[in-house]
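Take a look at the structure set out below.
The values are calculated or read from the model by the stated rules, or taken from the named source; none is laboratory data. Everything numeric in this text was worked out from a predicted model, so none of it was measured. Glycine also receives a Cβ, built like all others from the backbone with ideal geometry; neighbour counts cover every protein chain displayed. Areas reflect the complete protein model, heavy atoms only, side chains present, ligands, DNA and RNA absent. Shrake-Rupley method; radii C 1.70, N 1.55, O 1.52, S 1.80 Å.
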Amino acid sequence: MNPTKTRAWQALEAHSSSFNLHLRDLLTDPARVSAQTIRLDDLLLFDYSKHRVTEETLGLLEQLFVETGAAEGFQAMLRGDKINATEGRAVLHTALRDPRTEPLLVDGVDVRALASGERHRMYAFADAVRAGRKRGHTGLRFNHIVNIGIGGSDLGPRMAYEALKPFSDRDLQIHFVSNVDGADLHECLRQLDPERTLFLVASKTFTTQETMANAEAARAWLIQQLGDPACTEKHFVALSTNAEKVAAFGITPEHTFGFWDWVGGRYSVWSAIGMPLCIALGSEQFQSFLDGAHRIDRHAAEAPFRQNIPQIMAALGIWYRNFLGASSHAVLPYDQYLHRFAAYLQQADMESNGKSVDRDGNRVTYATGPVVWGEPGTNGQHAFYQLIHQGTELIPSDFIASVHPQHPLHAHHAKLLSNFLAQTEALALGRPTAPTPYKVFEGNKPTSTFLFDALTPYALGALIALYEHKIFFQGHVWNIYPYDQWGVELGKEMANIVLPELEGDGPIGTHDASTAALIAHVRGLQQG
Ligand code: F6P
């Protein structure tokens, strides 16, 4: 339903127009902090008390969730309803990490059994690579693993591998190649020992231009290095839903790990797309990563609104986006291992909720997904925090850290955490008086604090799932379809028109005047 038609939305509009409380005043109340802090197991403490909300605001946001049927919508996703209606698909990344064995049927097929079967094939393969039971064409163990994929077939496993490096086998070097810019593959190939390199071609569709260009070039390189076209058999693995295209590329069924159309690309790290992570960590720790996500699936489905972390994350985002005018959302991990987390979330969130047509096919009349961005603290403090503190934009921010570090430099960690805590306090309280106006900090800048006990595989699984479900709840309330991505098509199609024009010497087709001139300029310089 159109959320603006709910009573809650209208009440929130009235409430926001008269909302003039400052976090300085709100945060004097310790009862507020206990009411707005969620401790989940020995995993995470989530503090949402540093937000411009009162009990009334939270009550209205809860009402908005009730009126729009958010909790029922979540159940519909979990049970396999085809909520990705524009593609006619169920959305079941949650089934990939669900340990239950009772059948969950989609079109008469038990998706839990499918997922579990393929997961155990992946586990056997990954553990065999780690143990040296799977070897290359010349009999050597693999020590370079190269994931070739882009978007969801890159960002999730890459981010998670970086985040969990301390848990990985350091004798294995895991590389990620994504860009169609040849520099990416070129720089990777320079580091490899061909006899000891395993290529994972990760592509849901197995048709993506970037991935296929890189996979073909990698294959040509390997054959040239090892001098035998048969060498590719042992050195190439496919992670894909498209078994036919994989076979046509020449990868064996034994080296093909599948998933299904009910797994969206940006939600696929839990599937065979997690293979590089699984090889790096081993199957036991990969399973723990899945278990952490499943813990959040249960939490999101069962916890009441005020104790439900992803629902609160989503509701606060809606409050700022639709009622207080925020257009972006910063994600600031105080954890160097999470240095790719914002990049990962950009796809997860912006490709999901960057939509302007509602579920009835109408142009929305309200804002949807914000720009998501961020960098690890403390680096960001020396770059863009100036704007968050003293600029004219309202930027709600997520601060993420762990109490226990995954490295032995504990004195560094105390410094890191002191910055982490001080920044949210400074943003909330500001400094209302100063000798010059330039040194005044207005404060009242909202933040959420995510404090993990430690960033383990289990915790990372949980962290990702929290954001996945935040995205679900926001998309649901906004009445849009979060699980398609038609907005990436047009540019791809037009690139296919431009490519032959750049490479050939025939006439340049019909373009706008700017693009036609740019094509002519490139051709002129390249072709002399
Ligand atoms: O960028 C569009 C997109 O379709 C993403 O949704 C997807 O994750 C990515 O391309 C890669 O697609 P594939 O895994 O099919 O190569």
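Just need the relative contact order of segment 72-175 here, percent rounded to a whole number, with Cα pairs under 8 Å and 6+ apart.
On the way: 79 pairs, mean separation 14.7, N = 104.
For segment 72-175, the relative contact order is 14 percent.
Full extension of the chain between Arg170 and Ala230 gives 18.6 nm of extra length, using 0.36 nm per residue less the Cα-Cα distance. Taking other residues whose beta carbon is less than 13 angstrom from the beta carbon of Pro507, and scoring Lys, Arg as +1 and Asp, Glu as -1, yields -1.
Between segment 294-337 and segment 434-496, the alpha-carbon centres lie 8 Å apart.
Computed on the Cα atoms alone, the convex hull of the chain gives a volume of 186 cubic angstrom per residue. In the chain, the DSSP-assigned H stretches of four residues or longer account for a calculated mean residue ellipticity at 222 nm of -13500 deg cm²/dmol, using -39500 (n - 2.57) per stretch and the full residue count as denominator.
Can you give the accessible area per residue of segment 410-524, in Å², using a 1.4 Å probe?
Details: 5580 Å² over 115 residues.
With all protein chains present, segment 410-524 gives 48 Å² per residue.
Carbon-plus-sulfur fraction of the accessible area of segment 145-193, 1.4 Å probe, in percent? Mind showing how you got there, number by number?
Values: 730 of 1860 Å².
Of all accessible area on segment 145-193, carbon and sulfur atoms account for 39 percent.
For segment 31-93, give the percent of accessible area contributed by carbon and sulfur heavy atoms, probe 1.4 Å, rounded to a whole number.
On the way: 1240 of 2400 Å².
It is 52 percent, rounded to a whole number.
The label-point distance for Ala247 and Gln307, in a model that sets each label 7 Å from Cα toward Cβ, rounds to 5.2 nm.
Peptides 269-279, 100-110, 314-324 ranked from most to least packed by the mean count of surrounding Cβ atoms within 10 Å: 269-279, 314-324, 100-110. Over the chain, what is the percentage of antiparallel beta bridges among all DSSP beta bridges, to the nearest 5? Close to 30 percent. In whole angstrom, segment 1-112 maps to an equivalent ellipsoid with semi-axes of 36, 22, 9, each derived as √(5λ) from the alpha carbon gyration tensor and ordered largest first.
Taking label points 7 Å from Cα along the Cα-to-Cβ direction, Ala454 and Leu417 give a separation of 1.3 nm.
Estimate the FRET efficiency between Asn362 and Thr138 by the formula 1/(1 + (r/R0)^6), using the beta-carbon distance for r and 56 Å for R0, to the nearest 0.05. That pair, Asn362 with Thr138, gives E of 0.40. Net charge dipole, the chain: roughly 760 debye, given to the nearest 20, about the Cα centre with Cβ charges of +1 for Lys and Arg and -1 for Asp and Glu. Farthest towards the positive end of the charge dipole of segment 102-213, among the residues Ser168, Ser153, Asn179, is the Cα of Ser168, using unit charges on the Cβ of Lys, Arg, Asp and Glu.
The modelled label-to-label distance for the pair Leu394/Thr205, using points 7 Å beyond Cα in the direction of Cβ, is 3.8 nm. Accessible surface for segment 342-407, divided over its residues, is 43 Å² per residue with a 1.4 Å probe. Look at the dipole of the chain built from charges on Cβ: of Ile273, Ala124, Leu40, the Cα furthest out on the positive end belongs to Leu40.
Note on segment 436-528: dipole from Cβ charges, positive end direction compared against Gly443, Ala520, Leu490; the farthest Cα belongs to Gly443.
If R₀ is 35 angstrom, what is the calculated FRET efficiency for the pair Leu387 and Asn179, using the beta carbon separation as r and rounding to 0.05? Walk me through the numbers before you get to the answer.
Details: r = 29 Å, r/R0 = 0.82.
Taking R0 as 35 Å, the efficiency between Leu387 and Asn179 is 0.75.
Taking the Cα atoms of segment 222-346, the ratio Rg/Rh between the radius of gyration and the Kirkwood radius comes to 1.10. I need the calculated FRET efficiency for the pair His120 and Glu216, taking r as the beta carbon distance and R₀ as 35 Å, to the nearest 0.05. Plugging the Cβ-Cβ distance into 1/(1 + (r/R0)^6) gives 0.70.
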